[in-house]
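Beneath this line is the structure, given in structure tokens, with notes to follow.
The values are calculated or read from the model by the stated rules, or taken from the named source; none is laboratory data. Quantities reported herein were computed from a predicted structural model and do not represent experimental measurements. A quick note on method: Cβ atoms are made from the backbone with ideal geometry, for glycine too, and the neighbour counts reach across all protein chains shown.
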């Protein structure tokens with residue numbers, strides 16, 4: 001057994017290079033890169049070459065179904081709302097199938113955030129108050145690179161106008 005454990009002959013010694021510590025500017029650059037990468041991911045920013053990781057998160061076909069919340073007939077941009085409301089577009093399909101009490105709770109939450117601060121959509125005198133509505137929008141494209149054309153817009157449910 002001892003003969004099997006011995007080497008058959010002298011072989012090349014493994015190469016070992018001494019570790020050279022990274023320079024201070026290199027460490028700072030890598031640290032800054034990681035901070036920007038994580039920040040873009042957490043905030044959902046799409047700043048090339050950094051990504052909020054949304055690029056491949058949705059299936060792309062020639063038919064697109066999206067859900068839209070409107071306030072007084074104007075689409076609500078969820079990205080402009082406070083952080084807790086920014087994923088609201090993902091909740092809309094679930095609410096469409098949900099109970100009336102869940103819909104009403106969501107309507108009250110959206111109404112309160114849309115009337116707070118600078119987002120006083122309800123009190124805009126130039127806009128006729130129509131309340132909040134949730135729409136299912138179907139759009140199609142003629143092919144790759146062609147724009148989507150809205151084909152169908154269905155009101156799934158509407159929220160009652162808040163008391164003034």
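Is it the case that residue 39 is surrounded by 13 or more Cβ atoms within 10 Å (Cβ to Cβ), more than 30 Å from residue 157 (Cα to Cα) and modelled with pLDDT of 85 or more?
yes
Each row is one residue, and each column tells you yes or no for (1) at pLDDT 85 or above; (2) more than 20 Å from residue 159 (Cβ to Cβ); (3) more than 20 Å from the chain's Cα centre (by Cα); (4) surrounded by 10 or more Cβ atoms within 10 Å (Cβ to Cβ).
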{"site": "54", "(1), (2), (3), (4)": "no, yes, no, yes"}
{"site": "65", "(1), (2), (3), (4)": "yes, yes, no, yes"}
{"site": "73", "(1), (2), (3), (4)": "no, no, yes, yes"}
{"site": "87", "(1), (2), (3), (4)": "no, no, no, yes"}
{"site": "92", "(1), (2), (3), (4)": "yes, no, no, yes"}
{"site": "102", "(1), (2), (3), (4)": "yes, no, yes, yes"}
{"site": "116", "(1), (2), (3), (4)": "no, no, yes, yes"}
{"site": "119", "(1), (2), (3), (4)": "no, no, yes, yes"}
{"site": "124", "(1), (2), (3), (4)": "no, no, yes, yes"}
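Based on this model, can you work out whether residue 149 counts as at pLDDT 80 or above, out of contact with any helix residue (DSSP H, G or I) (no Cβ under 6 Å at 6 or more places or on another chain) and surrounded by 15 or more Cβ atoms within 10 Å (Cβ to Cβ)?
Considered against the rule, which asks whether it is at pLDDT 80 or above, out of contact with any helix residue (DSSP H, G or I) (no Cβ under 6 Å at 6 or more places or on another chain) and surrounded by 15 or more Cβ atoms within 10 Å (Cβ to Cβ), residue 149 comes out as no.
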